[in-house]
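The values are calculated or read from the model by the stated rules, or taken from the named source; none is laboratory data. For clarity, every value in this text was computed on a predicted model and none was experimentally measured. Using ideal geometry, Cβ is built from the backbone for each residue, glycine included, and neighbour counts are taken over all protein chains shown. Quick note on the areas: whole protein, heavy atoms, side chains included, nothing else; ligands and nucleic acids left out. Shrake-Rupley method; radii C 1.70, N 1.55, O 1.52, S 1.80 Å.
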Amino acid sequence: MNIFRIVGDLLHLLSFLILIRKIYHQKSCAGISLKTQELYALVFVTRYIDIFYNFMSIYNWILKIIFLGSTFTIIYMIRVPYNHTYDKQGDRFQLLYLIVPCAILALFINHEFEVTEILWAFSIYLEAVSILPQLFLLARTGEIDLLTGDYIFTLGGYRFMYILNWVYRLSTDTYYRPQWIVWISGVVQTLLYADFFYYYLKSKINKTKLVLPS
């Protein structure tokens, strides 16, 4: 494990904390896409289906539990106590447009044609595009509050740090073999954040509100 992997994991954990804090303290889930959270839930469930029989390390196991628990906590907060603040009209991205292509891709492009490997490949493909409903929702609303912006930035930052982690391992670990499914999906995922990163950093440098072009 290297510094890029550790920072990536910390950013991922921080993204959950920021979002839960935002919803709880503002008593509102305005600007948050329930559909993106549901996609992430599907990503984690299909990826961590082996959580009870494939133990890699206590670190890895704890992260899996936190990711699953945090995601379902956020979904509960949006669906139950703060549902009256949820923008159902704005959050209307059709999830099947993402789920079906990812499922088909996983059936044909995977490391091994068995259930767990197909589900793992599906989760990798789906994670790459799960942020799209959130980005579409923000594009419709335009102005983004501070915590929502921080949440998306840390979420995108986690994937960027993972790419640096893979590059580092490739250059220093002679036993490391690139997983091209993961590499290509990770690059696609990071590129989807590129436009947001630009406007986020611009707002921070200029000390202005974060506004995305509609």
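GNM on the chain, alpha-carbon springs under 10 angstrom: the most fluctuating residue among 20, 78, 66 is 66. With θ taken as phi - 60° and the Karplus curve 6.51 cos²θ - 1.76 cosθ + 1.60 applied, the whole-hertz 3J(HN,Hα) list for region 100-105 is 5, x, 5, 5, 5, 4 Hz, x standing for glycine and proline.
Between 108, 8, 154, the Cα set farthest toward the positive side of the dipole of the chain (charges on each charged residue's Cβ, about the Cα centre) is that of 154. Report summary: the helix-based calculation at 222 nm, which adds -39500 (n - 2.57) for every DSSP H run with n ≥ 4 and divides by the residues of the chain, gives -24500 deg cm²/dmol. Taking the accessible area of the chain, probe 1.4 Å, and keeping the other protein chains in place, the carbon and sulfur fraction comes to 68%.
Please label the shape of region 115-205 as rounded, prolate or oblate, based on the square roots a ≥ b ≥ c of the eigenvalues of the alpha-carbon gyration tensor (a/c under 1.5 means rounded; beyond that, a/b larger than b/c means prolate, else oblate). Oblate is the answer for region 115-205, as a/c is 1.5 or above yet b/c matches or exceeds a/b.
Assuming charge only on the beta carbon of Lys and Arg (+1) and of Asp and Glu (-1), the dipole of the chain about its Cα centre is about 660 debye to the nearest 20. 3J(HN,Hα) along region 200-214, derived from phi through the Karplus expression 6.51 cos²θ - 1.76 cosθ + 1.60 where θ = phi - 60°, amounts to 5, 5, 4, 5, 5, 5, 8, 6, 10, 5, 7, 10, 9, x, 7 Hz, with x in place of Gly and Pro.
Sorting 177, 5 by solvent-accessible area of protein heavy atoms yields 177, 5, largest first, with a 1.4 Å probe.
Along the chain, the exposed loop sites are chymotrypsin sites (Phe, Trp or Tyr not before Pro) outside DSSP states H, G, I, E and B with at most 14 other Cβ atoms within 10 Å, and the longest stretch free of them is 114-174. Starting from the Cα gyration tensor of region 130-169, take the square roots of the eigenvalues, sort them a ≥ b ≥ c, and report rounded, prolate or oblate (rounded when a/c is under 1.5, otherwise prolate if a/b is larger than b/c, else oblate). Because a/c hits 1.5 or more and a/b exceeds b/c, region 130-169 counts as prolate.
Once C-alpha pairs closer than 8 Å and six or more residues apart are averaged by separation and normalised to the residue number of region 52-185, the relative contact order reads 19 percent. The charge dipole of region 107-214, taken about its Cα centre with unit charges on the Cβ atoms of Lys, Arg (+1), Asp and Glu (-1) only, comes to about 520 debye. Applying the criteria of a DSSP loop state and at most 13 other Cβ atoms within 10 Å to the GluC sites (Glu not before Pro) of region 69-170 yields 112, 114. With every protein chain in place and a 1.4 angstrom probe, the accessible-area ranking of 115, 43, 129, largest first, reads 115, 129, 43. Ranking 72, 89, 40 by how far each Cα lies toward the positive end of the dipole of region 9-115 (charges on Cβ) leaves 89 at the top. Taking all protein chains together and rolling a 1.4 Å probe, residue 45 ends up with roughly 70 Å² accessible. Residues in the chain average 54 Å² of solvent-accessible surface per residue, probe 1.4 Å, ligands and nucleic acids excluded. Residues 91, 50, 173, ordered by accessible area of protein heavy atoms at a 1.4 angstrom probe radius and largest first, appear as 173, 50, 91. The orientation-averaged projection of the convex hull spanning the C-alpha atoms of region 43-162 amounts to 9.0 square nanometres.
Ligands, DNA and RNA aside, residue 77 has an accessible area near 20 Å² when probed at 1.4 Å.
For the chain, with a Gaussian network of springs between Cα atoms less than 10 Å apart, report the residue from 37, 89, 134 with the top mean-square fluctuation. Maximum fluctuation in the GNM of the chain, among the listed residues, is at 89.
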